[in-house]
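What follows is one structure encoded as C-alpha cells, with my remarks underneath.
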Amino acid sequence: MTISVRGTGTTDCLRSLRGWLVETGELRGPLHLGHRPCGASGPAGVVDVLVVATDTEGATSVLASAVLSWLRHRETGVDLSLATADGATVELRADRVRALDEDGVRAESARLARQLAPSVH
C-alpha cells in the first residue's frame, strides 16, 4: 500500500507519519519512504510516498487506526491518499478526522480497513 500527502511539507508529513507508525510497534511489515520515479510529474527523487506492507486484514486494521490517530494529532491541514496494489484508493482529510468523536473514529477506522483490505484470490 502507498500513502501520499497533498499540500506543502509533504516530505516532512510522510516522515512524521512513518515515525508514528514505527512507534505503534504493531505493524510488522516494512515501512519505506518512496521516491517519485523519473518521468513522473514533479521533480525526480522527491520523497512523495510511504510504502507500507499490509498483507493481512489485521495489518490493514492496525494501519487504519494508526493513520487516523496520526491525522487527529496534526495541527495543520493534511490530505492523505491511501492506495492499494489492487487500485483501491481512499482519501482522508485531517480536518474531517479531527472533527470525529470516538464513535466516529471507530466507524471511520472500520470503513477504512474494509476498503483497503487485501483481496483474497
Selection from region 66-109 of residues that are of a type in the set (Asp, Glu) and touching a strand residue (DSSP E or B) at 6+ places or on another chain (Cβ under 6 Å) = Asp79, Glu91
Pick from Ala99, Ala44, Ala66: which is within 22 Å of Cys13 (Cβ to Cβ), more than 16 Å from the chain's Cα centre (by Cα), modelled with pLDDT of 90 or more and hydrophobic (A, V, I, L, M, F, W, C)?
-> Ala99
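Condition first: in contact (Cβ under 8 Å) with a residue 40 or more places away in the chain, surrounded by fewer than 19 Cβ atoms within 10 Å (Cβ to Cβ) and among the β-branched types (Val, Ile, Thr). Now tell me which residues in region 77-97 satisfy that.
Listed by number, the list holds a single entry, Thr84.
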Quick one: what pairs do we get from region 98-113, first residue over 9 Å from Ala64 (Cα atoms), second assigned to a helix (DSSP H, G or I) and not charged (D, E, K, R), C-beta under 6 Å, 6+ apart or different chains?
-> Val105/Leu68
Check Val52 against each of (1) in contact with a His (Cβ under 9 Å, 6 or more places away or on another chain); (2) at pLDDT below 85 and name the one condition it does not meet.
-> (2)
For region 87-120, name all the residues that are assigned to a loop (DSSP other than H, G, I, E, B), closer than 16 Å to Ala59 by Cα and not small (Gly, Ala, Ser).
-> Pro118, Val120
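The values are calculated or read from the model by the stated rules, or taken from the named source; none is laboratory data. Since this is a predicted model, take the numbers as computed values, not measurements. Note that each Cβ is placed from the backbone with ideal geometry, even for glycine, and that neighbours are counted across all protein chains shown.
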